[in-house]
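Trainee: One structure is given below, represented as structure tokens, and several questions about it will come after.
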Amino acid sequence: MSDVKIAPSILSADFANLQTEVRDVLDGGADLLHLDVMDGHFVPNITFGPPLVKSLRKATDAVLDCHLMISEPSKYVEDFAKAGADWISIHVEAPDDVAGALKTIRAAGAVPGIVLNPDTPVERAEPFLEDVGLVLVMSVFPGFGGQSFIPDVLDKVPALRAMGFRGEISIDGGIAEKTAPAAIEAGVTIMVAGTAVFGQEDRAAAIRALRTDAA
């Protein structure tokens, strides 16, 4: 059984009963909560903003990991930090001052992270590695549902370690019982999972299954 952290994505939760859903996965062994923020521009879908983060912060002390799939993160990162986000990750591909946004996140008291899309070379993260505590490797293209896990992105994990990065490496997209062992073997420290946790009746069993490092 691996000690990899499990971060259920609340986008797969029942929003009509969100507080209960969050309590259920945390009681079931989840380590933190993943919040997918989409702006309808950087990605085609729209989800939620700082008010939901603020509400969740009142409901739990768990780490809130905000993944900002937005075009201009520098305009909003401070609002997310003030709302209670613990970790805030932004895309290296965002048409914005990425380095400046990362500095703003840290100044606001949150842990900054950088995100790589599946087709983005791992070298794009290198200039930011000294300024972040998290690298999120996307194993599907953000904003589109129903995609299959892209195994080739796992090569980025040892590459990041070879660059000297010692922070958290998270994987997001298509994580399920069948794909989790390969992610664990590659060396990820956090696995984001949506329906693989929230879509299961027994969330504790689902989380234990994801931590099993043998297919």
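Trainee: When the residues of the stretch 126-138 are filtered to those that are touching a Phe, Trp or Tyr at 6+ places or on another chain (Cβ under 8 Å) and free of Cβ contacts under 8 Å to residues at least 40 places away in the same chain, which remaining residue is surrounded by the most Cβ atoms within 10 Å (Cβ to Cβ)? Give the steps one after another, and end with the answer.
Mentor: Let us first name the residues in the stretch 126-138 that are touching a Phe, Trp or Tyr at 6+ places or on another chain (Cβ under 8 Å), namely 129, 133-135.
The next check asks that each one be free of Cβ contacts under 8 Å to residues at least 40 places away in the same chain; those that pass are 129, 135.
Details: LEU129: 15, VAL135: 27.
Among them, the one singled out is VAL135.
Trainee: Within the stretch 175-215, which helices (runs of 4 or more DSSP H) (wholly inside it) include 3 or more residues that are in contact (Cβ under 8 Å) with a residue 40 or more places away in the chain and aromatic (Phe, Trp, Tyr)?
Mentor: none
Trainee: Out of all the residues in the stretch 178-207, which are exposed (fewer than 15 other Cβ atoms within 10 Å of the Cβ) and out of contact with any Pro (no Cβ under 8 Å at 6 or more places or on another chain)?
Mentor: LYS178, GLU185, GLY199, GLU201, ASP202, ALA205
Trainee: Can you tell me which residue among PHE144, PHE149 is surrounded by fewer than 17 Cβ atoms within 10 Å (Cβ to Cβ) and either more than 17 Å from LYS5 (Cβ to Cβ) or in contact with a strand residue (DSSP E or B) (Cβ under 7 Å, 6 or more places away or on another chain) (or both)?
Mentor: Working: PHE149 fails: surrounded by fewer than 17 Cβ atoms within 10 Å (Cβ to Cβ).
Matching residue, one of PHE144, PHE149: PHE144.
Trainee: Oh, and also: In the stretch 167-201, what count of residues is obtained for those that are among the charged types (D, E, K, R) and in contact with a helix residue (DSSP H, G or I) (Cβ under 9 Å, 6 or more places away or on another chain)?
Mentor: So the count comes out to 2.
Trainee: So, in the stretch 10-19, of the ones that are among the polar types (S, T, N, Q) and in contact (Cβ under 8 Å) with a residue 12 or more places away in the chain, which residue ends up surrounded by the fewest Cβ atoms within 10 Å (Cβ to Cβ)?
Mentor: GLN19
Trainee: Still on this structure, I have one more. Scan the stretch 142-153 and give yes if some residue there is under 21 Å from GLY29 (Cβ atoms), part of a helix (DSSP H, G or I) and without any contact (Cβ under 8 Å) to a residue 60 or more places away in the chain, otherwise no.
Mentor: For the stretch 142-153, residues under 21 Å from GLY29 (Cβ atoms), part of a helix (DSSP H, G or I) and without any contact (Cβ under 8 Å) to a residue 60 or more places away in the chain: absent.
Trainee: While we're here: With (1) more than 18 Å from the chain's Cα centre (by Cα); (2) closer than 23 Å to GLN200 by Cβ; (3) among the polar types (S, T, N, Q) as the list, and SER9 as the residue in question, which single condition is left unmet?
Mentor: (1)
Trainee: Now for a different question. Answer yes if at least one residue in the stretch 202-213 is within 23 Å of PRO95 (Cα to Cα), within 17 Å of the chain's Cα centre (by Cα) and modelled with pLDDT of 95 or more, and no otherwise.
Mentor: Within the stretch 202-213, not a single residue is within 23 Å of PRO95 (Cα to Cα), within 17 Å of the chain's Cα centre (by Cα) and modelled with pLDDT of 95 or more.
Trainee: Sticking with this one: Inspect the stretch 74-83 for any residue being under 24 Å from SER139 (Cβ atoms), in contact with a Lys or Arg (Cβ under 9 Å, 6 or more places away or on another chain) and surrounded by fewer than 16 Cβ atoms within 10 Å (Cβ to Cβ) and give the result as yes or no.
Mentor: No, the conditions are met nowhere in the stretch 74-83.
Trainee: Quick check on this structure: which one of ASP96, ASP61 is charged (D, E, K, R) and more than 21 Å from ALA16 (Cα to Cα)?
Mentor: Being charged (D, E, K, R) and more than 21 Å from ALA16 (Cα to Cα) holds for just one of ASP96, ASP61, which is ASP96.
Trainee: Continuing with the same structure: What do you reckon, is THR179 within 16 Å of ALA7 (Cα to Cα) and modelled with pLDDT under 95?
Mentor: So THR179 fails the test.
Trainee: Select from the stretch 152-178 the residues that are among the small types (Gly, Ala, Ser) and over 21 Å from ASP36 (Cα atoms) and list them in ascending order.
Mentor: Scanning the stretch 152-178 gives ALA159, ALA162, GLY164.
The values are calculated or read from the model by the stated rules, or taken from the named source; none is laboratory data. No experiment lies behind these values; they were computed from the predicted model shown. Cβ sites come from the backbone with ideal geometry, for glycine too, and all protein chains shown count toward neighbours.
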